[in-house]
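Take a look at the structure set out below.
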Amino acid sequence: MDILIHNTGWIEAICGPMFSGKSEELIRRLRRATIARKRIQVFKPAIDTRYSASEIVTHNDNRMTCDPVPSATAILKCLDWRVQAVGIDECNFFGTELVEIATQLADSGKQVIVAGLDTDYLGRPFPPMPDLLAIAESITKTLAVCMKCGNPAKHTQRLVESNDLIFVGAAEAYEARCRRCFEPGIPSQEVLDFGKHPSKQKLGRD
Ligand SMILES: [Zn+2]
């Protein structure tokens, strides 16, 4: 980030599918900010209680204390305005109002690091990340490993039956898939067999 000038805020976006290390990268950058003696504050949506209510927890069990907030506007209310770096995880749960909030934070001189899914379970651009990418100074796209073939994976495959855009879950409900192995929508119930790998599941009973 050599191009950045002191006392100017900016937005760094980290996007990619689940299991690609987005939260890991967010925590790494926030720890670096701490080493640089910056005051930091981290937010995540209160809806996300998968691993912990008051921490960001990566799939590798790397943890960082955070403030859970019910909405994007609540970030401004809960913000300690002395902080110089603001981390926001799981942006896809906050909706499009996060774009304005992130802009306000950056305009007020803060380093803003946002992390979230860039596509939804059908492979569509997932708001607000597309807009955040457009207004960010820097973008990192993380890739996972396809659970079917091992290729770099950019998709989040939903494994359970739900047509809700937001369905909070971890490894029991989602896996990473590459472009070729991704199946938009939900795999049919008969190939799911709750937890077993779909490709190894024998169909029917004959
Ligand atoms: Zn694959």
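The table for this structure:
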{"item": "Choice from Met129, Met18, Met147 showing the highest fluctuation, given a GNM over the chain with Cα pairs closer than 10 Å", "result": "Met147"}
{"item": "Positive-end residue, the chain charge dipole about Cα centroid, Cβ charges, pick of Pro128, Leu165, Met64", "result": "Met64"}
{"item": "Highest-fluctuation residue, Cys178, Cys66, Cys149 considered, GNM on the chain with Cα pairs under 10 Å", "result": "Cys149"}
{"item": "Dipole in debye (nearest 20) - segment 10-200, about Cα centre, beta carbon charges: Lys, Arg +1; Asp, Glu -1", "result": "740 debye"}
{"item": "Projected area averaged over orientations for segment 1-150, convex hull of C-alpha atoms, nm²", "result": "9.0 nm²"}
{"item": "The chain: angle of helix 97-107 to the longest principal axis, Cα-based, in degrees nearest 10", "result": "30 degrees"}
{"item": "Acute angle (nearest 10 degrees) that the helix 22-35 long axis makes with the longest principal axis of the chain, alpha-carbon atoms", "result": "20 degrees"}
{"item": "Rg in Å to one decimal, and Dmax rounded to a whole Å, for segment 50-111 via C-alpha atoms", "result": "12.2, 34"}
{"item": "Reach of Lys110 by Cα under 13 Å, taken over aspartates and glutamates that are not fewer than 8 positions away in the same chain", "result": "Glu12, Asp80, Glu137"}
{"item": "Cα centroid separation - segment 99-162 against segment 49-96, whole Å", "result": "15 Å"}
{"item": "DSSP beta bridges in segment 10-200 [antiparallel fraction, %, rounded to 5]", "result": "30 percent"}
{"item": "Most mobile listed residue (Tyr174, Tyr51, Tyr121) in the chain, GNM with C-alpha springs under 10 Å", "result": "Tyr51"}
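Computed from the coordinates by the stated procedures, all read-outs in this text should not be read as laboratory data. As the structure is a prediction and not an experimental result, all values here were calculated from the model. Counting neighbours? That spans all protein chains shown, and the Cβs are built from the backbone with ideal geometry, glycine included.
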